[in-house]
Structures are given as structure tokens and as C-alpha cells.
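Engineer: The structure that follows is given in the form of C-alpha cells.
The values are calculated or read from the model by the stated rules, or taken from the named source; none is laboratory data. None of the values given here were measured: they were computed from a predicted structure. We place every Cβ from the backbone using ideal geometry, glycine too, and count neighbours over all the protein chains shown.
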Amino acid sequence: MNYCKICIQTDTRPNTKFSKDGICPSCNYFNSLKKVDWDRRFGILKDLVDQHKQRKENKFNSKFDCIIGVSGGKDSTRQALYIRDKLKLRPLLVCLAYPPEQVTKVGVKNLSNIINLGFDLEIISLAPKNWKKLLKDGFINYANFMKPSEQALFSSVPRLAIKYKIPLIFWGENPGLQVGDLGGAGKTEYDGNKMNFMNTLKGGRLEWMYNLGYNHKDIFNFEFPSEKEIKKNKLQIVYLGWFWKDWNIRSNGTTAALNGLNLRKDNFKNTQDLYGVFSLDEDWVTLNQMIKYYKFGFGRVTEYLSEDIRSGKISRERAIKIAEKYDGACGDKYIKSFCKYIGISKEFFWKIVQDNVNKKYFRIGNDFKIKPLFKVGKGLI
């Protein structure tokens, strides 16, 4: 386990390779942005938008210019406002809705807020019975109940774009900056047509679901469109974050909050959410971040703080102290509600978690507590 010499990201993230001087891909990418001509990038974005406007007038009859996948949170709220008010487009917002047992009250309020800001919103709701079973299967077989959620989230939006013949899709990420992963970039760094090849999606194929006995008709919306479908329907997925100099957690959260975003009220000691703005539509992602911490030795706190180190908002030394104290934290109430929803005991939950703990980085004591074998910022001890 090695730590980046600039931030506190480890080299344990899948597909991550540090440079020879010990710098992580995200920091190297961030440093490269200092030379970017942002006016030129905006010109590229304007040209892209104009090309799609012309295509739409010639071929497509939809009253919408583009689609944005949203949750109602910080990123999607800022994107929607920018695309409408700065780019002068009429977007259709699309939300993959969680079932009532999973969605938060804050999440519901934020969806209402984005509608009240003057946007059209379409909600996709997948069959609750299948959803619950997939979450359970993802957890039991991979210790990752978000595996089906991520596939549904990334796949349902382009599926709807094909159905409605709206070929331009905006996605908020800048993968090179946020996770140091350009595996989801296509012909350019802002081309998201291959976003299904990012770390967690692994091509967007559903073999694991078929192997567990699911039928195609039950999981169609979980499958990312094939390259042939994308070409046939002339889809263009655009990483909007690539065009913004200040695409980051703080800026997006501040802009969204000034436009009515409701923040998470629970203490970050239970959620790892240092700023109260992450995944506001559901709380169980905190469990997944805890499990990620036990698998790879870092969680959401490390990612937050690494971004703040790069932007000069916190020192590496201060970030290390915070990460040591709070990374991997998860309130017991979230574990209880998740176990109740998928129908397992807390004992079985912890058995799955402990079975997937990375023994290189953690040890499980006689008291069954999981303790790190590393020091944040330094490595194994």
C-alpha cells in the first residue's frame, strides 16, 4: 500500500497506477489543468451544442434538446441550471427512483426543489421486487449491493434517450479528475460513450445477473446500450465536468445549496459525509463506502480530503488526522435499516463484510472488531 505524495489517495484503487515520482493519477490530472485554456474548452462545448441543435432541427422532433441524469443532488442541480441558463438548452431531467424504503426525505425534497426550479423531470422506477432481490444478491455475492444500482443508474438514461430520440446526454463526472480513471472516456476526454468501461461497471454487461438466474426481460434497463445501438441512434454522452474549472464537491454543493438544495443533517461521524452533500437521495451508500474502506483501505473521507488537498483548502497533515478518525465510519441505524429491507440479520451482514475484508490491510481481532494494519499517509505498519 502506497500513498500519493501530494494527497492521501492510495494505490489500492482498482486500475490505479502512480507515476514514478509517487503521484496519483488524480493529482497528476489536476496539475495538468493549470495549463488548460478554459475559454477554448467552452468554445468546444458551444460547437458541440450547436452541432446537436442543427441535427435536432433536421432530424429529431423532440421538444427537448438534451437529457441529464439527475438525483436532485448537488451535481445534477448545478448541471441543470448551467445547461439551461448558460447553454440555453431545454433539458429533460431523468431520475432513477429508489423504492420508498430506500429513498430519503431529503432526497424527495431535493427532487421537488429541482422541479420547482422550472425543469421537466421524468422518473424511472424499476420493479421493487427485482430491485430488492438484486441488492441482496449483489451484497451476498460481491459484498457490493450498489453493483446493480450503478448499472441501472448508468444504463437507464441512455436507454430513455434512445426511446425518446434525444441523442445528446450530459453527465456530470470528470473521471480523470475525480477518480483518475479515463477508462470511461471515448474519442476525447469529454466523450462518455464508453462510460460503461469505468471501474465499477466493467463493460455494463449483465452476465453476473444471468448467472444468478435473472431473465432478460427483468433486467433490460440494467444493461448499457451496445456500441451498435449507440452508433445507430447517434448518441453522444458528454462529461460536463471536463469543461468546468471549478468542478468539485465544494463548488457544486455551494451552488446547489444557494438554489434550494437540502443538506444531510446527520453527523459525518455516522456518514463519512464531511459536507452533508453526498448521495442525499439515499443513506445506504454509507454502508457501501464502509465496505469499500475494508476492501481497499480508503473510503469517502479520503476522497473528499484528497480533493481539498489538491485545491489548497486543507493541509495533508490535517487531512491525515481527519481520515484516520472518520474514514470507513457508518452509523448502526443505516446497517439496521438495510438488513431489514433485504431480509437478513445483522450477524449475517457482518459475516459477509468480514469475509470480504482485505487481510493485507486489516485484521479482525478476537473481539471481531476490524482494525487497520496501516497508517494513513504512510502505508502498512
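Engineer: How about the range 139-153: which of its residues are within 17 Å of the chain's Cα centre (by Cα) and not in a loop (DSSP other than H, G, I, E, B)?
Structural biologist: Residues satisfying the conditions are Met146, Lys147, Pro148, Ser149, Glu150, Gln151, Ala152, Leu153.
Engineer: Moving to a separate point now. Out of the range 325-373, which residues are under 30 Å from Asn2 (Cα atoms), among the basic types (Lys, Arg) and touching a residue at least 24 places away in the same chain (Cβ under 8 Å)?
Structural biologist: Scanning the range 325-373 gives a single hit, Lys360.
Engineer: Then there's this: Which residue out of Leu121, Leu117 is under 17 Å from Leu258 (Cβ atoms) and surrounded by fewer than 18 Cβ atoms within 10 Å (Cβ to Cβ)?
Structural biologist: After applying the criteria, what remains is Leu117.
Engineer: Which pairs do you get when a residue that is in contact (Cβ under 8 Å) with a residue 40 or more places away in the chain, found in the range 205-221, comes within reach of a residue that is surrounded by 12 or more Cβ atoms within 10 Å (Cβ to Cβ) and among the hydroxyl-bearing types (Ser, Thr, Tyr), reach meaning Cβ atoms under 8 angstrom, with the pair 6+ apart or on two chains?
Structural biologist: Partner pairs satisfying both residue conditions: Leu206/Tyr214; Trp208/Tyr142; Asn221/Ser155; Asn221/Ser156.
Engineer: A further question follows. Among (1) within 19 Å of Glu282 (Cα to Cα); (2) without any contact (Cβ under 8 Å) to a residue 12 or more places away in the chain, there is one condition Lys163 misses while meeting the rest; what is its number?
Structural biologist: (1)
Engineer: Another one. Since Ala329 meets every condition but one in (1) at pLDDT below 95; (2) among the hydrophobic types (A, V, I, L, M, F, W, C); (3) surrounded by fewer than 16 Cβ atoms within 10 Å (Cβ to Cβ), which condition does it not meet?
Structural biologist: The number of the failed condition is (3).
Engineer: Tell me, yes or no, whether the range 335-354 has at least one residue that is surrounded by 14 or more Cβ atoms within 10 Å (Cβ to Cβ) and touching a strand residue (DSSP E or B) at 6+ places or on another chain (Cβ under 7 Å).
Structural biologist: yes
Engineer: Among the residues of the range 14-24, is any at negative phi, surrounded by 12 or more Cβ atoms within 10 Å (Cβ to Cβ), in contact with a Gly (Cβ under 9 Å, 6 or more places away or on another chain) and modelled with pLDDT of 90 or more?
Structural biologist: Yes; the residues of the range 14-24 include at least one that is at negative phi, surrounded by 12 or more Cβ atoms within 10 Å (Cβ to Cβ), in contact with a Gly (Cβ under 9 Å, 6 or more places away or on another chain) and modelled with pLDDT of 90 or more.
Engineer: Is it the case that some residue within the range 21-29 is part of a loop (DSSP other than H, G, I, E, B) and closer than 25 Å to Pro167 by Cα?
Structural biologist: Scanning the range 21-29 turns up no residue that is part of a loop (DSSP other than H, G, I, E, B) and closer than 25 Å to Pro167 by Cα.
Engineer: Suppose we keep only residues that are more than 20 Å from the chain's Cα centre (by Cα) and free of Cβ contacts under 8 Å to residues at least 40 places away in the same chain within the range 123-138. Which one would you say is nearest to Cys66 (Cα to Cα)?
Structural biologist: Pro128
Engineer: Right, next: Here are Asn110, Asn141: which of them is over 30 Å from Gln51 (Cα atoms), out of contact with any helix residue (DSSP H, G or I) (no Cβ under 6 Å at 6 or more places or on another chain) and crowded, with 19+ Cβ neighbours inside 10 Å?
Structural biologist: Result: Asn110 is the single residue among Asn110, Asn141 that is over 30 Å from Gln51 (Cα atoms), out of contact with any helix residue (DSSP H, G or I) (no Cβ under 6 Å at 6 or more places or on another chain) and crowded, with 19+ Cβ neighbours inside 10 Å.
Engineer: Here is a follow-up. Yes or no: the range 304-314 includes at least one residue that is under 23 Å from Lys147 (Cα atoms) and out of contact with any helix residue (DSSP H, G or I) (no Cβ under 6 Å at 6 or more places or on another chain).
Structural biologist: There is at least one residue in the range 304-314 that is under 23 Å from Lys147 (Cα atoms) and out of contact with any helix residue (DSSP H, G or I) (no Cβ under 6 Å at 6 or more places or on another chain).
Engineer: Given the range 298-381, what helices (runs of 4 or more DSSP H) lie entirely inside it while holding 1 or more residues that are under 16 Å from Ala143 (Cα atoms)?
Structural biologist: Working: elements: 300-310, 316-326, 332-342, 346-355.
Because the criterion is at least 1 residues that are under 16 Å from Ala143 (Cα atoms), the helices (runs of 4 or more DSSP H) in the range 298-381 that meet it are 332-342, 346-355.
Engineer: Return the only residue of Leu134, Leu177, Leu111, Leu182 being over 18 Å from Phe338 (Cβ atoms) and modelled with pLDDT of 90 or more.
Structural biologist: Among Leu134, Leu177, Leu111, Leu182, only Leu111 is over 18 Å from Phe338 (Cβ atoms) and modelled with pLDDT of 90 or more.
Engineer: Okay, moving on. Does Lys129 satisfy being in the same structural domain as Ile162 (by TED's automatic domain parsing), surrounded by fewer than 16 Cβ atoms within 10 Å (Cβ to Cβ) and either out of contact with any Leu (no Cβ under 6 Å at 6 or more places or on another chain) or part of a helix (DSSP H, G or I) (or both)?
Structural biologist: The answer is yes for Lys129.
Engineer: How many residues are in contact (Cβ under 8 Å) with a residue 24 or more places away in the chain and either part of a helix (DSSP H, G or I) or polar (S, T, N, Q) (or both) when one looks only at the range 75-107?
Structural biologist: Summing the residues that are in contact (Cβ under 8 Å) with a residue 24 or more places away in the chain and either part of a helix (DSSP H, G or I) or polar (S, T, N, Q) (or both) in the range 75-107 gives 14.
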